[in-house]
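Student: Supplied in C-alpha cells, the structure appears directly below.
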Amino acid sequence: MARELRRGKGVLEVDEARLREVWEKQKEGKGLIGGDPRRRPRWVHPIPPEPAPWFRLGQSSPEHRARLVRFLTEAPAEIEIGAGSGHFILDWAERHPGRHFLAFEVRWKFANKIYKKMMRRGITNLWVSDDDARATIPEVVPDESIEVFHILMPDPWWRPKHQAKRIFSPWFVDVLARKLKPGGILRFETDVEGYPEFVERLIAEHPLFVGHDPSLAERFADATPTLRQQWCMERGIPIFRRYFRKKEER
Ligand SMILES: C[S@@+](CC[C@H](N)C(=O)[O-])C[C@H]1O[C@@H](n2cnc3c(N)ncnc32)[C@H](O)[C@@H]1O
C-alpha cells in the first residue's frame, strides 16, 4: 500500500490565471472527477439496491434521495470528502452512534470497500457515495444542515493543468459555507506545503467563515488517522491541521 502513497513535488503550485478560468466553469461540471454525474450514462460499477445506504446522483431514485436528506437532518450530521479506504470515518461513525455520517469517495473501489466494511461491522449511521462531492453536495445536501465537513489529506493536483480537480475553490468553499450549520466546522488536514495557506486565503475571502481556530483541534484529538496520515506519521512527515468555523450569525 505504501508504494501508492507519494509526496509528489511537496510544494503546491498555484496558477492564478488558469484557476480563475476553471472556477468559472466548475459550476457546469468541468473538472469533476469521472465527469459530471448528472450527465453520466449508467455507470459500470454496480451499487447495492435501494434502500441500501449508498447514493449516486445519476441513478438514485427520488425516494432514495429523500431518504438521504432525512438521514442528514434527523441527527447531527458530518460529511467526509475523499474518504479513501475509510480508516477515519468508519471508526468515527462507530464511536458516535448518535450522529449521522456521509462519506464521499469518488473511486468506486474504495467506496465499495468502505461499504463492505460498514456492513461487516454493523455500522448503521453511515452512508457512502461514489459521486464527485462537488456535484452532489450542492444539489442534494440541505442548506445549514451539516455540523462538520472533514477534508483530510486531499489530492493536491500539483500540475497547473489539473488544478480544476482540486477540491478547494472559491465556489466550493461557498457551497461548504452554505451547507454548514451556523457555528459548524470545516476540518482540513494536509501534509502538502503551501496548501494550508492556499485554503486559508480562500476562507479569509468568504464572509461566512472565521479564520483558523486551533482550539477546535481538541474536538478531533482522538480521531483515528487516515491511511495517508498513518503513512506520514510513520515517516515523521508533518501534518498541517486547520479548523474553520462558520459564523454563528450573518
Ligand atoms: C489523497 S487521497 C486521501 C484519502 C484519505 N483521506 C487519506 O487520507 O488516506 C484523496 C481521496 O479523495 C478522493 N477524492 C478526490 N476528490 C474527490 C471529490 N471531489 N469527491 C469525492 N472524492 C474525492 C480521491 O479519490 C482519493 O481517494
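The values are calculated or read from the model by the stated rules, or taken from the named source; none is laboratory data. Computed from a predicted structure; not experimentally measured. Virtual Cβ from ideal backbone geometry, glycine too; neighbours counted across all protein chains shown.
Student: Here's a check for you: in the stretch 158-172, which residue that is touching a helix residue (DSSP H, G or I) at 6+ places or on another chain (Cβ under 9 Å) and free of Cβ contacts under 8 Å to residues at least 60 places away in the same chain is surrounded by the fewest Cβ atoms within 10 Å (Cβ to Cβ)?
Tutor: The qualifying residue surrounded by the fewest Cβ atoms within 10 Å (Cβ to Cβ) is PHE168.
Student: In addition: Would you be able to say whether some residue in the stretch 69-79 is within 16 Å of the ligand (Cβ to nearest atom), more than 17 Å from LYS116 (Cα to Cα) and buried (at least 21 other Cβ atoms within 10 Å of the Cβ)?
Tutor: Taking every residue of the stretch 69-79 in turn, at least one turns out to be within 16 Å of the ligand (Cβ to nearest atom), more than 17 Å from LYS116 (Cα to Cα) and buried (at least 21 other Cβ atoms within 10 Å of the Cβ).
Student: Could you tell me which of the residues PRO154, PRO214, PRO238, PRO182 is within 16 Å of the chain's Cα centre (by Cα) and either at pLDDT 95 or above or not acidic (Asp, Glu) (or both)?
Tutor: Exactly one of PRO154, PRO214, PRO238, PRO182 is within 16 Å of the chain's Cα centre (by Cα) and either at pLDDT 95 or above or not acidic (Asp, Glu) (or both), namely PRO154.
Student: Please go through the stretch 110-128 and pick out each residue that is surrounded by fewer than 19 Cβ atoms within 10 Å (Cβ to Cβ), out of contact with any helix residue (DSSP H, G or I) (no Cβ under 8 Å at 6 or more places or on another chain) and part of a helix (DSSP H, G or I).
Tutor: Selection gives ASN112, LYS113, LYS116, MET119, ARG120.
Student: Then there's this: Taking interchain pairs and intrachain pairs at least six residues apart, which have beta carbon atoms under 8 angstrom, with the first residue in the stretch 213-241 and away from the ligand (no atom under 16 Å from the Cβ) and the second hydrophobic (A, V, I, L, M, F, W, C)?
Tutor: As it stands, the answer is ASP213/PHE244; LEU216/ILE185; ARG219/ILE185, since those pairs meet every condition given.
Listed here are the residues, each with its yes/no results for (1) more than 16 Å from the ligand (Cβ to nearest atom); (2) surrounded by fewer than 15 Cβ atoms within 10 Å (Cβ to Cβ).
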| residue | (1), (2) |
| --- | --- |
| GLU144 | yes, yes |
| PRO156 | no, no |
| ASP174 | no, no |
| ARG178 | yes, no |
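Student: Return the pairs, sorted by first residue and then second, in which the second residue is more than 11 Å from the ligand (Cβ to nearest atom), the first residue lies in the stretch 128-150 and is of a type in the set (Phe, Trp, Tyr), the beta carbons are less than 8 Å apart, and the residues are 6+ apart or on different chains.
Tutor: Sorted first by the residue in the stretch 128-150, then by its partner, the pairs are PHE149/GLU78; PHE149/LEU176; PHE149/LYS179; PHE149/LEU180; PHE149/GLY184; PHE149/ILE185; PHE149/LEU186; PHE149/ARG187.
Here is a yes/no grid of residues against (1) away from the ligand (no atom under 12 Å from the Cβ); (2) in contact with a Phe, Trp or Tyr (Cβ under 9 Å, 6 or more places away or on another chain):
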| position | (1), (2) |
| --- | --- |
| PHE101 | yes, yes |
| ARG107 | no, no |
| ARG120 | yes, no |
| ASP131 | no, yes |
| LYS165 | no, yes |
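Student: Do we have LEU152 as more than 11 Å from the ligand (Cβ to nearest atom), crowded, with 22+ Cβ neighbours inside 10 Å and under 21 Å from GLY84 (Cα atoms) here?
Tutor: no
Student: OK, next. Report, by residue number, each residue of the stretch 8-57 that is surrounded by 16 or more Cβ atoms within 10 Å (Cβ to Cβ), of a type outside the set (A, V, I, L, M, F, W, C) and either at pLDDT 80 or above or assigned to a helix (DSSP H, G or I) (or both).
Tutor: GLN26, PRO53, ARG56
Student: Same structure again: Can you give me the number of residues within the stretch 129-155 that are under 19 Å from THR190 (Cα atoms) and in a loop (DSSP other than H, G, I, E, B)?
Tutor: 3
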